[in-house]
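The values are calculated or read from the model by the stated rules, or taken from the named source; none is laboratory data. Values in this document were obtained by computation on a predicted structure and should not be read as measured data. Ideal geometry is used to build each Cβ from the backbone, glycine not excepted, and the neighbour counts take in all protein chains shown.
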Amino acid sequence: MAIQEQNIVFVQSQVMADVPEGGGAATGAVIVDGAMNNVFEDISDLDRAYGRFNLRKIFIAIRELGTSLYAGAKTVITALPTDPALGYTLFTTNDPFDTRTEAASRVQAYLFKGTTWPGYLNENHISGMQTISLIQRIGSQLPAIGKTLCIVQDEGLATEKEQYVRVTGVSFVEATFTDGIGDYTRWIVTLTISDALRYNFNGHSIARVESAYSYTGKARIRDTSVADATRYYGAQPLQLAAAIGDLQVRAASMFAQLVPSAQTETPLVSRTLADGVAPMIASSAADLSYTAAGAAIGPGLRLVLRGGAMPGTVSVMVGAVTVTDDRAGNVLSGTTIIGTISHATGEIIFSSNAPAASGTANITYRPGVAAANQAHTRTQSVTVENRALNWVLTLAPIPAPGSLQIAYMAQGNWYLLTDDGAGGIVGAEASYGAGTISYVTGAVSITLGALPDAGSQILYTWGSPVHYVVRAGATEDAAATLRLEFTLAQHPVVPGSYTASYPVGGVSRNATDASANASISGTGVTGTIDYATGAVALEFTAPPDSGASVTNAYTWRNGTGLMSGTTATISGSQFTIPGTAPFRNGGTMLFNVVTSKGNVSASAFITTGGQLRVKAGGATLQTYRVSWSEQPIGTFDAATGVVTLTASLSVMVMMWTENVKSWEGPVESASLAGVSSIAVERDTTAYDPNAITGETVALSSAGLDLDLTTTVGDATVASSVMLLLAGSIYVDRGGVLYKDPSVTTGSGLAAGSIDYSTGRVKVTSWTNNTALGLQVLSCLTQYGDFTTVAASFRAPIAPLKPTSVSITATAADGTLISATSDSDGNIAGALVRGAVNYEFGTAWLEFGELVASVWAPRDVIPASIRYNAVGYTYLPLNADILGIDPVRLPPDGRVPIYRPGDVVMVMNIADTAPATVANGGTIACGRTRIAWVRVIDANGATVTAGYTLDRDTGVVTFTDVTGIVMPVTVRHTVGDLRQITDAQISGQLTLARALTHNYPVEGTLVASCLIHGDRRARVSAVWDQATWDNTWVDNIVGSAATATLDTIAHPITVTNDGAETERWLLRWTSTTNVELIGETRGLVYSGAFTANIAPINPRTRNTDGSGGVPYLTIPVAANGGGWSAGNVVRINTVGALADMWLARSIQQSDMPAGTGADGCEIYALGNIDRP
């Protein structure tokens, strides 16, 4: 029997309700075409007040007593609700028996747990808490608002429990903790989450090393990635009219609302363009090699290098065991991973499979430091024309290895690629993409895992080593002595009267100004004294004993009016020291120096010979580095007090330029515009000399200073310094110097400090009576801020509220820059232009101005660029009320309904004017090649019979109008079924073949098709077995039975109406009796096999219980006998039913005016024999 159009119906599942057991198998209850509330109940006030998610399982059934083919079956949504608060989507699990609980799990599987998050749950958390606390390293990635994390307790065990949580608020504090080694810092991150914790989770106590965090009995925090395990199908209105021959259509959106969400506004205040980056930068030009006694390698043990190490340079040999590192932070024995290394700190943690060895370690590595700085940014705009998988860009300055991050958007999701430090570019999963980077040229080549969305940007952020200089080894800039500076309690000092005494190796040594010329000398020491101010500076090549004191003896002048005034006015090239002459040679002053980039202060002093000299120094002016060496600038006449300036100050002005991508600048002559802080001693005998003895300076508190940057004013990079001094190693960790750190614990004696801004080291403990032997083994300095003429950013949340974006920045010359965005996303202001994509949350900026219609770039300081905006965040609603846990779904609750490879139906629906017709009467639709029609009577009811349609001409002929309430309206649809070759986030779809109809915006939908494929009932497999082990598998188990069914001559038969997709077992309970059992249906027949076995499928019976169609018919003629009790025949059948789930999303909203009709319309489409 051929399938007729009326044989195709939708039927209900067992439970049509939002309960855990909802769904299930198909029933015989036909869903009435065109009836209100025939799938979903009415929407309640609470549903609209709070939001609701409904799921219903339905089936396409073929009511035909044969196995004719219903070819190319598919379901499409053909009408949408007028209420924008409602959304309808289709999906299938391809399981005719699953329930709502199982289907909801598939829906929730949009996100799946991925790699371990770089943080640990901070102490225990109990159910009901709506905040969680994490322990994270300083500078590690923070969860973004809207981020979904997974908390897993007892992972992999029978007691495992997990909960996905969505972050709605993020804050952190930097806290200091102390252990047996000393102080260390961590971030304590507090996350507000959308839903309260449903379980108790055991957390961790804070520890210094990662190996101390064991997950035994503890919870693990995992990141999530997009699994997108379920495909959704829906419809959107056509946004732009399409014509015959078009290969593209524009739907209103590529997304449909799957679950409701509540939109809130989140302010983004004074945000930087990108998170800072901390690439590993070499702090020495040569490898460091040394031996360390007492080292050990083995399971659970730790070995600590003296400091940070460049990835891929570490080699440690203990006994016969040699271990190395890779750039990913793994420690290897040969090619086997046996532990991990923190390259930033040099800590090696060995895992349980590490070989054992102990003794003296031979260690080699290249010292390095994680140098934090503001990231460089670049973008590539993605357009419809240039969309591609492969992208190439040359970055300047060249990225530091391991610092490059590339973000791109595909199908509305952001994906991140990073460089591995060895020239490769990888993603968290291989499917995200891959590429390469050259650290020589800066050339980047990437292949994305998916075509990026048109209108989005590919964003590059990275750090660069260009701003840094190694000041160690052959390029060290340190002084050759240790310096002690102090000021005597009394002054001015009588020349020739000063003596400093101190012990070296327990033996006293003296240093004096015997020449009375402000110079101090002694064994292993030189220095200077400013008689006027009492300032003493001692330079030691053989330092005093650690913890000792320097004892001072001197004579000072006690009187009034012994010092000069403090200020003077420069006139021409001279000024006079204020006060009554004569004066003594010596003294200090401060000059105001005018450079081309601004004013700086320079310290000067008068020598005993009457020469005026400027001390070496430097300063930072915005992005400029101004520096100068010690140099003469004039003379001093002590008899008159007149200072004659004989030279301007020679300074070097350097700047980072975007065009040159390096630090450079000219030497210029800077004028001296003012003088202050003058301190010069008058030469007068009107004083009362007083002798001082026993005035001490304690070295344990004063310490000895070492200048690491004697010729430059650059800042020292934190934790980059390592020194060899007096036979001991000094390692800088966060500003504290540790002496001779342990190779097994990393602990050492706190023996000093470092001022990173000046590069001055203060040593408070050293080995006595040992030659200084100073070597700078590691030291990195930074020039300062670089400049840029362009920048880009991606807001941590999106979309952004239109017109909410404002930009501020500071130009290199100090000019303040500001701009705002308009409703179209254009960013404009003085000295800046750009654009923001509100939907994606991305923006680009260029700094400069138009000069004679040509854009002239303006350098700005990247660290000064800030933006303010308001972002929309979507709060998932309560899972218990929604009926689904939404935190694993996209934050806005939307899912894509169009993808490349999908099939869409572009359709236009129109109505004829109401007409009254008689038998034989016709209604012309007014267009040809009609896809289908619906005849609607005067009461709005659908007419299902009494007419025929000529699809080619579009004419409906009425053959029997009995019972039809006139007038009638013909709702006619034309459509094109096309495959998608490309889908844009904007809703633009590219089709494999051109359209054959014109499609106006009004009445046209673009619907993705849920494809069920060819549908017909069939018997897919039959075999016999001697026994059955109660396991349902699709292959023979054990041996075949002696007897068999002759299904060749007498095949088992099924029908489209009665068959189910089921696995059956025909089991002999005796030599003559059998029972027929279905895997899901259970026992359907038991008795003698003396007639055809044809159990009726209950869903096919009439409403009164009569009639019905068998599941299958097993002919008695196939039974040749010879069976033994326990023999079985396994039969697999495939039904013609097509299962699907229909989801309804109800956003928070008010009841619309009117009748409140809020449904959608779905159609089952396929190829059948037409009447």
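Would you point out the residue of the range 358-393, among those that are assigned to a strand (DSSP E or B) and touching an Asp or Glu at 6+ places or on another chain (Cβ under 8 Å), that is nearest to Ala320 (Cα to Cα)?
The extreme case among them is Thr364.
The residue list Thr916, Thr912 contains one member that is loosely packed, with under 15 Cβ neighbours inside 10 Å and of a type in the set (Ser, Thr, Tyr), which is Thr916. Among the residues of the range 376-392, are any at pLDDT below 95 and closer than 30 Å to Leu737 by Cα? No, that holds for no residue.
Kindly check whether there is at least one residue in the range 1071-1084 that is closer than 30 Å to Gly946 by Cα and touching a residue at least 60 places away in the same chain (Cβ under 8 Å).
Among the residues of the range 1071-1084, not one is closer than 30 Å to Gly946 by Cα and touching a residue at least 60 places away in the same chain (Cβ under 8 Å), which makes the answer no.
Screening Ala843, Ala812 for residues that are among the aliphatic types (A, V, I, L, M), modelled with pLDDT under 90 and within 22 Å of Trp462 (Cβ to Cβ) leaves exactly one candidate, Ala812. What about Ser720, is it of a type in the set (Ser, Thr, Tyr) and in contact with a Cys (Cβ under 8 Å, 6 or more places away or on another chain)? Against the criterion (of a type in the set (Ser, Thr, Tyr) and in contact with a Cys (Cβ under 8 Å, 6 or more places away or on another chain)), Ser720 qualifies. Would you be able to say whether some residue in the range 419-432 is surrounded by 18 or more Cβ atoms within 10 Å (Cβ to Cβ), closer than 26 Å to His467 by Cα, in contact with a helix residue (DSSP H, G or I) (Cβ under 8 Å, 6 or more places away or on another chain) and not acidic (Asp, Glu)? No, that holds for no residue. Leu484 meets the conditions (1) at pLDDT 90 or above; (2) more than 30 Å from Val721 (Cα to Cα) in every case but one. The failed one is (2).
Looking only at the range 548-564, which residues are surrounded by 14 or more Cβ atoms within 10 Å (Cβ to Cβ) and not hydrophobic (A, V, I, L, M, F, W, C)?
Ser549, Thr551, Asn552, Tyr554, Thr555, Arg557, Gly559, Ser564
Restricting attention to the range 346-396, the residues that are surrounded by 22 or more Cβ atoms within 10 Å (Cβ to Cβ) and free of Cβ contacts under 8 Å to residues at least 12 places away in the same chain add up to 0.
So, in the range 459-475, exactly how many residues are out of contact with any Leu (no Cβ under 8 Å at 6 or more places or on another chain) and part of a strand (DSSP E or B)?
Looking only at that region, the number is 1.
Consider the range 52-78 and keep the residues that are part of a loop (DSSP other than H, G, I, E, B) and in contact with a helix residue (DSSP H, G or I) (Cβ under 7 Å, 6 or more places away or on another chain). The one that is farthest from Gln12 (Cα to Cα) is Glu64. In the set Trp1032, Trp1028, only one residue is surrounded by fewer than 16 Cβ atoms within 10 Å (Cβ to Cβ) and among the aromatic types (Phe, Trp, Tyr); that residue is Trp1032.
Among the residues of the range 515-539, count how many are over 59 Å from the mean Cα position of the chain (by Cα), more than 22 Å from Ile678 (Cβ to Cβ) and crowded, with 16+ Cβ neighbours inside 10 Å.
Residues flagged as over 59 Å from the mean Cα position of the chain (by Cα), more than 22 Å from Ile678 (Cβ to Cβ) and crowded, with 16+ Cβ neighbours inside 10 Å within the range 515-539 amount to 2.
Listed by first and then second residue, the pairs with beta-carbon distance under 9 Å, at least 6 apart or on different chains, first residue in the range 204-215 and without any contact (Cβ under 8 Å) to a residue 60 or more places away in the chain, second of a type in the set (S, T, N, Q) and outside any helix (DSSP H, G or I), are Ala212/Ser205. Pairing residues of the range 716-736 that are on the phi > 0 side of the Ramachandran plot with residues that are part of a strand (DSSP E or B), at Cβ distances under 7 Å and at least 6 apart in sequence or on separate chains, gives Ser719/Val369; Ser719/Asp732; Ser719/Arg733; Gly735/Ser753; Gly735/Ile754.
Selection over the range 75-123 of residues that are under 30 Å from Arg1063 (Cβ atoms) and either surrounded by fewer than 16 Cβ atoms within 10 Å (Cβ to Cβ) or among the basic types (Lys, Arg) (or both) gives a count of 7. If you check Ile985 against the conditions, is it buried (at least 19 other Cβ atoms within 10 Å of the Cβ), assigned to a loop (DSSP other than H, G, I, E, B), within 49 Å of the chain's Cα centre (by Cα) and among the aliphatic types (A, V, I, L, M)? For Ile985, the condition - buried (at least 19 other Cβ atoms within 10 Å of the Cβ), assigned to a loop (DSSP other than H, G, I, E, B), within 49 Å of the chain's Cα centre (by Cα) and among the aliphatic types (A, V, I, L, M) - is met. Can we say Thr716 is modelled with pLDDT of 85 or more and over 40 Å from the mean Cα position of the chain (by Cα)? Judged against the criteria, Thr716 is not a match. Scanning the range 481-493 for residues that are farther than 16 Å from Glu695 by Cα and either among the polar types (S, T, N, Q) or in a loop (DSSP other than H, G, I, E, B) (or both) returns a single hit, Thr481. When Ala843 is tested against (1) surrounded by fewer than 23 Cβ atoms within 10 Å (Cβ to Cβ); (2) within 25 Å of the chain's Cα centre (by Cα); (3) outside any loop (DSSP other than H, G, I, E, B), just one condition goes unmet, and that condition is (1).
Looking across the range 770-801, the residues that are in contact with a Gly (Cβ under 8 Å, 6 or more places away or on another chain) and closer than 30 Å to Pro891 by Cα come down to Arg794, Ala795, Pro796, Ile797, Ala798, Pro799, Leu800, Lys801. Figure legend. Inter-residue proximity from the range 639-651: first residues at positive phi and among the small types (Gly, Ala, Ser), second residues assigned to a strand (DSSP E or B) and crowded, with 20+ Cβ neighbours inside 10 Å, beta-carbon distance below 8 Å, spacing 6+ or different chains. Indicated pairs: Gly641/Phe583. From the list Ala1143, Ala1136, Ala1117, Ala1094, the lone residue that is among the aliphatic types (A, V, I, L, M) and loosely packed, with under 14 Cβ neighbours inside 10 Å is Ala1117. Residues in the range 853-907 that are modelled with pLDDT of 90 or more, touching a Gly at 6+ places or on another chain (Cβ under 9 Å) and part of a loop (DSSP other than H, G, I, E, B): 2 in all. As a summary of the residue check, Thr447 satisfies the conditions (1) in contact with a Gly (Cβ under 9 Å, 6 or more places away or on another chain); (2) in a loop (DSSP other than H, G, I, E, B); (3) surrounded by fewer than 16 Cβ atoms within 10 Å (Cβ to Cβ) except for the one numbered (2).
Say we look at the range 581-619 and pick out the residues that are over 19 Å from Gln631 (Cα atoms) and at pLDDT 90 or above; which of these is surrounded by the most Cβ atoms within 10 Å (Cβ to Cβ)?
Residues of the range 581-619 over 19 Å from Gln631 (Cα atoms): 581-584, 596-598.
Next cut, at pLDDT 90 or above only: 581-583.
Numbers: Ala581: 16, Pro582: 12, Phe583: 25.
Applying the filter and picking the extreme gives Phe583.
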